[in-house]
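Below is one structure, written out as structure tokens; the observations come after it.
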Amino acid sequence: MPIGRVPLLNRDENRRRGFVHLYMGEGEGKTLAAIGAAIRAIGHGYKVIIVQFMKGRKDIGEYKIRERLAPEYEIHQFGREVFIDLRKPDPIDYKLAREGLKFAREALRRRPKLLILDELSLAVAVGLIDVDEVLDLLREVPPSTVVILTGRQAPKEFIEVADLVSEVREVKHPMRAGIKARKGIEY
């Protein structure tokens, strides 16, 4: 089914569960968009919980800001500091992803206004987490919560269940000109 033609949930279903947003695609900016939504929610005094899958670097801006934005902002990482081999993940990558999903389920019970599951799509795509486990989690979203899923290679099931889907594609990137990732911009 083409991305632009996925039907939204009807009003009765929206009353039973919160909204699901999906930021997907091969371009850079999915996490950035989700963090922007977090800042917007915090600006209104809402609670935001971010769960990062396959990420463990502590030198990234969205992690370093956590103490200044607390208690409304929480970020929890379930990944190693190094990039994983997407074709052959290490056993620890599976373990960390399962822990992240368990934590996300517990975080959802706290009823934050916004729960961001960063890089979850890619974690599912490479087999670290089963898509059905995520769909079960999304059925539990309270009406007062918005869940944002991010990542490349989003499964069609995420596209179907999401109320909002945005695709990010790369048109041009400084890395293609040999410019390294810039502190405060790319990380």
(request) Among the residues of segment 55-95, count how many are among the charged types (D, E, K, R) and in a strand (DSSP E or B). (result) 1
(message) If a residue counts only when it is surrounded by fewer than 19 Cβ atoms within 10 Å (Cβ to Cβ), which strands (runs of 3 or more DSSP E) contained entirely in segment 106-187 have at least 3 such residues?
(response) 164-167
(request) Working carefully through the options Ile92, Ile84, Ile60, find the one that is surrounded by 15 or more Cβ atoms within 10 Å (Cβ to Cβ) and farther than 15 Å from Leu120 by Cα. (result) Ile60
(message) If Arg15 meets every condition in (1) within 19 Å of Glu157 (Cβ to Cβ); (2) at pLDDT below 95 apart from one, which number is that one?
(response) (1)
(message) Going through Gly45, Gly18, Gly56 one at a time, which residue ends up being of a type outside the set (Val, Ile, Thr), in contact with a Pro (Cβ under 7 Å, 6 or more places away or on another chain) and touching a residue at least 24 places away in the same chain (Cβ under 8 Å)?
(response) Gly18
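The values are calculated or read from the model by the stated rules, or taken from the named source; none is laboratory data. For clarity, every value in this text was computed on a predicted model and none was experimentally measured. Quick reminder, even Gly has a Cβ in these numbers, built from the backbone with ideal geometry, and neighbours come from all protein chains shown.
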